Structure formats: C-alpha cells, structure tokens
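**Q** I am attaching a structure below and will ask some questions about it afterwards.
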Amino acid sequence: MGEGAITTTVPTGAATDVEDLARFRVSDLCELLETFLDPEQVAEVYKAYLFAAEAHEGQHRMSGEPYIFHPLAVARVMAEMRMDAKSIVAAILHDTMEDTHVDKARVVAEFGEEVAELVDGVSKLTHLKFQSKAEAQAENFRKMMLAITRDLRVILVKLADRLHNMRTLGVMRPDKRRRIAKETLEIYAPIAQRLGMNAVRRELEQLGFAALYPRRYRVLAEAVAKARGNRKEVLQKIENAINVRLQEAGVEARLASREKNLHSIYKKMKQKRLPFAEVYDVFAFRLVVRDVDTCYRMLGLMHNLYKPVPGRFKDYIAIPKANGYQSLHTVLFGPHGIPIEVQIRTEEMDRVAESGIAAHWLYKAGDSESSRAQARAREWLKGVLEIQQSAGNSIEFLENVKVDLFPEEVYMFTPNGDILELPRGSTAVDFAYAVHSDVGNTCVAAKIDRRLAPLSTQLESGQTVEIITAPGARPNPAWLAFVVTGKARTSIRHYLKNLQRDEAVNLGRRLLDKALAPALTLDEVPPERIEALVKELNLSGLDSLLADIGLGNRMAQLVARRLGAREDDAGSPADTRPLAIKGTEGMVLSFAKCCNPIPGDPVVGVPSAGRGLVIHREACRNVAEYRDKPDKWIAVEWTPEPGSEYPVAVRIQTANKRGALASIAAVIADLGSNIDNVSFDERDGTSTTITFTVSTQGRRHLAAMMRRLRRIPEVMKISRAKG
Ligand code: MN
C-alpha cells in the first residue's frame, strides 16, 4: 500500500463546497497570510487583489459569481501550502494576462519582473492544449509542461488553479466536465504526485473520479458509508488500545485513523481485480511523532501490541521512496485477524508526504528570499534524484524530473496534437524525420507556431511544428551539419548514398559510351560479353560496373577496350566530342578548389577514385602534367544551366583609401553576388592586395563584375586568381 492510497478522516480545512469558497474574502486571505508573511508582503498581496479585481471587473464565472473569487481561491490554495509572497501575488494575477487587457509590461511595472515571469509562465501553460486521445501521449504532455516551466512555482500555481476549477466543476456542461476531469486525472494528478504533493494529488483524483464516472462514484460512496458503520466499533477498540500503549510509554504522538479515498479504492479494485470488501476491509492508522528515534520505538510498541504480518514491514525512512516520501510501514494482525496498516513518521516527514515540493517554500523567519526557497525546493528535487539513483529502483521518477532539472529533451506538438519528444537542439529537419522518413526526405520548409521558419531552426518545448513537403524534393547534404538525431542523420546519408549511386551509374554509362565510340555504343555490345566481364571482375551486374566507372574507380577506356575487342578499331580516331556536364550533378561531380572553374571556362575532368569526376580549369597547374596523357582525363564542356552559382577568387589591388573596400563590396552585391571569403594578401604604404572569393554564375557574369570593379578609382589592378 502506498502512502497515496490514504486520506485522513479528520477534515484538513480545505474548502470543498462552492458556498464556502464564495464566502472566502480577501480579508480572510490576509488573515491567513499574516500567520507566516511580513506585513509588507501581505500589503503587496492586497495590492494585487485590488489590481486583479479591477482587471476582472464585470467578468463572471459560469456559476454567476464575480470572477475575482477564482483567483482569490487559487491564492488561498497557495497560502494553505505556505508558499512565498511572490507565488501568492502571482496566483491572484494568474488570469489577468490571459483574460483582460493587462499586458506583461504592466505587471512588471506594478509587481516586478519575478511576479510577471510567474504570471506569464502560467499563461503559457494555459495555452498548451492537450488534445491527443492516445494514452501514451499524456506522459509526454506532462513532461512538456515541466520542460516549458523554468520556475517550479508556475506549476504550483497551475495546480492550484486546476484544483479550484475542479472544486467548482459542477456548473459546467457535462461533456466539458468530463473532458476537464479526464485531463485532470491524466495530466495534473500525476504531476502533483511527481512533485510529492499528495494532498493536492488526492483531491484532484477524487474530484476527477467523481466527475468522470459519476455513477461508479456514487455506488462506491454508498458502499463505503455502509461499511463504515459496521467498522466503527472495531476502529474505536483499536484506537483505544493504541492510545493506552502511547500513554504507558509516555510518548507524545498524533494518531489518526485513515480511510482510503474512493478513487484509490476504485483504482485498486480495477488493477488487482479485487472485490470491494477486500480492498476496503483494512484498518489504517498513522502515527506522527517528534523524531526518528521515536519512530522506531513506536514500531516496537506496535509489534508488541499486535503480531506483525511477516514480510510487510517497510523502512522508507532508511530508504526513502522515489519522490522523497519517508515513513515506516507495517501491517498487524488486529482483533479477529483483521489486518491493520500502520504508518509511523515525524512531523517533518508528514509535511513532505503531504506537500512534497511545496513543503520547501514554508516560510521561516529571516529567510524571506523566494529565490532561496526556490533553491531549497530544487535541492529537495536533487536530493530525491540522488536517492533514486542510489536506491536503483524504478527509473520512472528520474525520467520525469530530469526534464526540469537537466533539460535534455524538448517536446513539440504535431499539427494534429500529438507530441513528439526529441533531444535538445533538434531542428525542424529532425522533427520531419521523427514524423516519418518520407516526410524528412521531401521536406522543404517548416511552420513553427504557424509561422514559416528555415529547416535548420532549433525547436523549443511547446511549439507546434508543421512540416511542408514537396513532391520530388530531396535531402540536402548540408542538413548533415545541423541535424542532431540519429534517425535524421542515417536517413539522409542513406538517401544520398542511393542518389550518388544513381548518378554514378548515369555518369558511368555516358563515360563508357564515349569511350566505346565511334565503333559501337553500349547497347550494341553483345550481352554475353558484358556478362563475362562483370563475372570476371566479380561484380553484381552491369550497374555496379557503371557505378564503378562513374565514381572514378575504373577507367572507362580500359573497360571499353575489354568490351569493344575489335582490333581494327584501334586505329580509328577516338571520340573527341567533350562530355557535357551540369553543375548540379553534385554527387559524382566536384569542382576543384585549386582553380575554381566556372561555367564558360575551358575545363577537363579528372576521374578520381571514389569521388567521380573532379573538374579543373584547363589552365590549372595541377592538371598540367596530364596534358600528354589522354587516358588520365576526359574532355568536358558546360551545359548551360541558369541559376547555379560557383565560387571564384578575384585578386584586387587597391589604393589605401577610406571607403575603397566598401565601394568594392557594393559593386559585388549590386551584381547579385555574395562574398564568401576575403583574405588580405599584401599591404604596403600605398596599396593593399585582397583576394575576394565571390559567387558567380559564369564567365560572362564574372567579366561584367570585373569591368565594373575596374571603374572604381581606387582599384589599381584586378585579376582572377590562378589555381
Ligand atoms: Mn484560472
């Protein structure tokens, strides 16, 4: 039995009916706050009340009461948790930025940055809409809420907000009521549990259960009422027996009998398929004592009073539970063999068990800094985390808290409300591949929160991301520089590899055809001759042979000789027509960095193993040695292709005058070119020599640019840099 399955029969002071809440006024709030806040802080809360009352003036809740009662009630929940003044101010203001004309700047001006951040954070959470029907998505949504929230107090205000909305749910339309109840059970109650806030969690569960399954709730409530009457006598008898022992031992302790709440009875019946009587027929007590020593002493006393059930003792003091819960648990054989469950713990442990993280905001004299309270709460979470690690049990809690403390993941919505989890730093491309590899392969742009954004944009938790695809679009090798997920990386590489092979086969065919000409074309080669060669070379087929040629691993001329085989062709003139190339054949064609060829330049292709054809300018020094070795290179020529851009290096000697560089840059930009790089080569008293690497569409474009540059008075000399 978990600590969560229990509720005290003693009223906790929490209001549950609408009438009581409506009667709760700001004077009541201030009175409550005066017990643990400074007078100036209470005054600030009152100021927030006046501010919110004015902002919500004229607004009403569904119940008909003035709207201000809602934020006031939320502040009350926070006050009952003994939260700091800033949280309580934020609780009162929590709906002002949402529902009224008040903006963030105004809240900053009136109440400071910290309060405004809290209110803004709550508004952000309000904007998140959980709409997915898939059960598994609830967990992601909870993580998303925690990931968006930098300040944990935002979550606490949001929980208090939800708690009050649940308490006043009765006035809603039935369908709306069910939706809110379901969301409460799936999202908010588990978050309260993660944060150790059991009192809040229990109430959310109870109210959610009642609203979602009203009939089951009623049947169970009646069964409990009936059974309770039968138990009364036994309960009294056990309580008396324990009290006698306490007095004999001279121990001061708070003893409360506990009764499971309806939701946990329901859950247990459903999960363990037990009948009501078996779940309910358990007597449970809690003993709260002064210190840890007394806890163990009490345990001995209890085991002395009634015989313990073997194997049911749990020491959660020595080994706390994952959410920080500490207590001793034991089960005893009571009168007539009735099982009695007993929890024993200290006041401090009891407070943590009820309030969890909120217990750490408890005001202590001389310690009013809310940032210190926040730090304390984080300490608690961290401590809980360490307990978790050293205890080595379920990693569930660890996973759910780390999004807050160690933000390593981000959570985004798809357009239909599903939530995807990705590593931090993920981009729109990662998102696209996470949706489906086809979506990744054809994506061209992204809409983030309905606004167009580049594919390289890093995503943040809470965003809605829509991927725009285009038929025929394909992955860009440049994406590899910014994707972070393995799936995106592997898919892009895989696609490019296939693409490269297709292009290599294509180029290989053209190279081989050219080498076979004019005697014959590849289609005219007898198939058995091709088959024989493929077999001899130990390849899987003609395509592999062509890909090998295209990638530069095999010389087309050698293959042609093996296939052509007609000796009398040896003397006939070879095909001298150059091979036509396009700049976009990027996978098997590359442009030498040494000479930066551009369209219009006389060029040659040099097959290079594994890289396909590398295109150099004919004048490049690096290919000079090949000039009289015709089997080492291939004549190529440009195919006109508008729009492509190529880098080219231009050397300019300019007078050392102010503004010279600016004029040069302006001319380059004016001609539609980008400057990719600038390097200063030489400088003396009167002139400087600079090499610009600029983008150009070809020789004509470059010539126009150089003509314009020459006209700049400061430019003394200009030339295209040689390889
Ligand atoms: Mn609200």
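The values are calculated or read from the model by the stated rules, or taken from the named source; none is laboratory data. Just so we're clear, the structure is a prediction, and the values are computed from it rather than from any experiment. As a convention, Cβ positions derive from the backbone with ideal geometry for all residues, glycine included, and neighbour counts pool all protein chains shown. Each accessible area value is taken on the protein alone, full model and side chains, heavy atoms only, with ligands, DNA and RNA left out. Shrake-Rupley method; radii C 1.70, N 1.55, O 1.52, S 1.80 Å.
**Q** Cβ contacts < 9 Å: first residue free of Cβ contacts under 8 Å to residues at least 40 places away in the same chain, restricted to the range 254-276; second residue open to solvent by 50 Å² or more (accessible area, probe 1.4 Å) and part of a loop (DSSP other than H, G, I, E, B), any location; separation 6+ or different chain. Result?
**A** Cβ pairs passing all conditions: Met269/Pro275.
**Q** Sticking with this structure for a sec: Scan the range 691-723 residue by residue and report those that are open to solvent by less than 70 Å² (accessible area, probe 1.4 Å) and part of a strand (DSSP E or B).
**A** Thr691, Phe692, Thr693, Val694, Ser695, Thr696, Val715, Ile718, Ser719, Arg720
**Q** Kindly state which strands (runs of 3 or more DSSP E) lie completely within the range 586-646 and contain at least 2 residues that are within 48 Å of the chain's Cα centre (by Cα).
**A** By residue number, 589-591, 603-608, 612-617.
**Q** For Ile615, work out the one condition from (1) crowded, with 19+ Cβ neighbours inside 10 Å; (2) in contact (Cβ under 8 Å) with a residue 40 or more places away in the chain; (3) in contact with a Leu (Cβ under 9 Å, 6 or more places away or on another chain) it doesn't fulfil.
**A** (2)
**Q** For Leu125, are the conditions met, namely being out of contact with any Leu (no Cβ under 9 Å at 6 or more places or on another chain) and within 14 Å of the ligand (Cβ to nearest atom)?
**A** Taking the combined requirement at face value, the residue satisfies it.
**Q** In the list Thr469, Thr464, Thr521, which residue meets the criterion of being assigned by TED's automatic domain parsing to the domain that holds Val559, open to solvent by 40 Å² or more (accessible area, probe 1.4 Å) and either farther than 23 Å from Ala609 by Cα or of a type in the set (Lys, Arg) (or both)?
**A** Thr521
**Q** Restricting the search to the range 444-499, which residues are in a helix (DSSP H, G or I) and in contact with a Phe, Trp or Tyr (Cβ under 6 Å, 6 or more places away or on another chain)?
**A** Lys487, Ala488, Ser491, Ile492
**Q** Name the one entry in Thr457, Thr485 that is closer than 30 Å to Asp418 by Cβ and open to solvent by 30 Å² or more (accessible area, probe 1.4 Å).
**A** Thr457
**Q** Here is a check on your reading of the model: is Ala488 in the same structural domain as Asp543 (by TED's automatic domain parsing) and of a type in the set (A, V, I, L, M, F, W, C)?
**A** On the way: in the same structural domain as Asp543 (by TED's automatic domain parsing): no; of a type in the set (A, V, I, L, M, F, W, C): yes.
Here the answer is no, as Ala488 does not meet what is asked.
**Q** Something else about it: Could you tell me which numbered condition Val171 fails, if it satisfies all but one of (1) open to solvent by less than 10 Å² (accessible area, probe 1.4 Å); (2) within 16 Å of the ligand (Cβ to nearest atom); (3) at pLDDT below 85?
**A** Here Val171 clears every test but (1).
**Q** Kindly indicate whether Ala665 is more than 15 Å from Met716 (Cα to Cα) and over 46 Å from the mean Cα position of the chain (by Cα). I'd like the intermediate steps shown before the answer.
**A** Working: more than 15 Å from Met716 (Cα to Cα): yes; over 46 Å from the mean Cα position of the chain (by Cα): no.
Spelling it out, it is not the case that Ala665 is more than 15 Å from Met716 (Cα to Cα) and over 46 Å from the mean Cα position of the chain (by Cα).
**Q** For the range 332-354, give me each residue that is within 14 Å of Leu299 (Cβ to Cβ) and among the acidic types (Asp, Glu).
**A** Hit for the range 332-354 is Glu341, nothing else.
**Q** I've got another one for you. Considering only residues that are outside any helix (DSSP H, G or I) and open to solvent by 60 Å² or more (accessible area, probe 1.4 Å), look in the range 241-284 and name the one that is modelled with the highest pLDDT.
**A** Let us first name the residues in the range 241-284 that are outside any helix (DSSP H, G or I), namely 250-261, 273-275, 281-284.
Those left that are additionally open to solvent by 60 Å² or more (accessible area, probe 1.4 Å): 250, 252, 254, 273, 275, 281.
On the way: Gly250: 89, Glu252: 88, Arg254: 92, Arg273: 86, Pro275: 86, Asp281: 73.
Step by step, filter the range 241-284, then rank; the result is Arg254.
**Q** Take Glu65 and decide whether it is open to solvent by less than 40 Å² (accessible area, probe 1.4 Å) and at pLDDT below 90.
**A** So Glu65 passes the test.
**Q** I've got another one for you. Among the residues of the range 488-518, write down those that are within 30 Å of Phe413 (Cα to Cα) and either open to solvent by 50 Å² or more (accessible area, probe 1.4 Å) or polar (S, T, N, Q) (or both).
**A** Arg489, Thr490, Ser491, Arg493, His494, Tyr495
**Q** Let me ask something else. Against the condition assigned to a loop (DSSP other than H, G, I, E, B) and either at pLDDT 80 or above or surrounded by fewer than 18 Cβ atoms within 10 Å (Cβ to Cβ) (or both), how does Ser368 come out, does it pass?
**A** yes
**Q** Of everything in the range 67-88, what is in contact with a Gly (Cβ under 9 Å, 6 or more places away or on another chain) and within 16 Å of the ligand (Cβ to nearest atom)? Give them in sequence order. Reasoning before the result, please.
**A** Of the range 67-88, the ones in contact with a Gly (Cβ under 9 Å, 6 or more places away or on another chain) are 67, 80, 86.
Within the range 67-88, Tyr67 is the sole residue that qualifies.
**Q** With respect to Ala478, is the statement that it is out of contact with any Gly (no Cβ under 6 Å at 6 or more places or on another chain), over 30 Å from Glu524 (Cα atoms) and either open to solvent by 20 Å² or more (accessible area, probe 1.4 Å) or touching a residue at least 24 places away in the same chain (Cβ under 8 Å) (or both) true?
**A** Yes; evaluated as a whole, the condition is true for this residue.
**Q** Going residue by residue through the range 210-228, is there one that turns out to be in a helix (DSSP H, G or I), buried (at least 21 other Cβ atoms within 10 Å of the Cβ), within 16 Å of the ligand (Cβ to nearest atom) and hydrophobic (A, V, I, L, M, F, W, C)?
**A** Within the range 210-228, not a single residue is in a helix (DSSP H, G or I), buried (at least 21 other Cβ atoms within 10 Å of the Cβ), within 16 Å of the ligand (Cβ to nearest atom) and hydrophobic (A, V, I, L, M, F, W, C).
**Q** Determine which single condition Val157 fails, assuming it passes every other condition in (1) assigned by TED's automatic domain parsing to the domain that holds Ile88; (2) within 16 Å of the ligand (Cβ to nearest atom); (3) open to solvent by 10 Å² or more (accessible area, probe 1.4 Å).
**A** Against the list (1) assigned by TED's automatic domain parsing to the domain that holds Ile88; (2) within 16 Å of the ligand (Cβ to nearest atom); (3) open to solvent by 10 Å² or more (accessible area, probe 1.4 Å), Val157 comes up short only on (3).
**Q** Right, next: Just the residues that are farther than 12 Å from Val119 by Cα and in a loop (DSSP other than H, G, I, E, B), please, taken from the range 147-161.
**A** Result: Arg150, single match.
**Q** Tell me yes or no: at least one residue of the range 34-41 is among the hydroxyl-bearing types (Ser, Thr, Tyr), surrounded by fewer than 16 Cβ atoms within 10 Å (Cβ to Cβ) and away from the ligand (no atom under 16 Å from the Cβ).
**A** yes
**Q** Could you check the range 95-108 and list, in sequence order, the residues that are surrounded by fewer than 18 Cβ atoms within 10 Å (Cβ to Cβ) and within 10 Å of the ligand (Cβ to nearest atom)?
**A** Result: Glu98, Asp99.
**Q** Can you tell me how many residues within the range 79-94 are open to solvent by 10 Å² or more (accessible area, probe 1.4 Å) and either within 16 Å of Ile155 (Cβ to Cβ) or touching a helix residue (DSSP H, G or I) at 6+ places or on another chain (Cβ under 6 Å) (or both)? Please lay out each step first, then the result.
**A** The initial filter retains those residues of the range 79-94 that are open to solvent by 10 Å² or more (accessible area, probe 1.4 Å), namely 80-82, 84-86.
Within this subset, residues satisfying the condition of being either within 16 Å of Ile155 (Cβ to Cβ) or touching a helix residue (DSSP H, G or I) at 6+ places or on another chain (Cβ under 6 Å) (or both) are 81, 84-86.
Result for the range 79-94: 4.
**Q** Go through the range 678-690 residue by residue and tally those that are open to solvent by 20 Å² or more (accessible area, probe 1.4 Å) and in a strand (DSSP E or B). It would help to see each step written out before you state the result.
**A** Just the residues of the range 678-690 that are open to solvent by 20 Å² or more (accessible area, probe 1.4 Å), to begin with: 678-686.
Adding the requirement that they be in a strand (DSSP E or B) leaves 678-683.
Final tally of qualifying residues: 6.
**Q** If you check Leu37, Leu29, which single one turns out to be at pLDDT 90 or above and in contact with a helix residue (DSSP H, G or I) (Cβ under 7 Å, 6 or more places away or on another chain)?
**A** Result: Leu29 is the single residue among Leu37, Leu29 that is at pLDDT 90 or above and in contact with a helix residue (DSSP H, G or I) (Cβ under 7 Å, 6 or more places away or on another chain).
**Q** Since Val650 meets every condition but one in (1) assigned to a helix (DSSP H, G or I); (2) β-branched (Val, Ile, Thr); (3) not assigned by TED's automatic domain parsing to the domain that holds Leu507, which condition does it not meet?
**A** (1)
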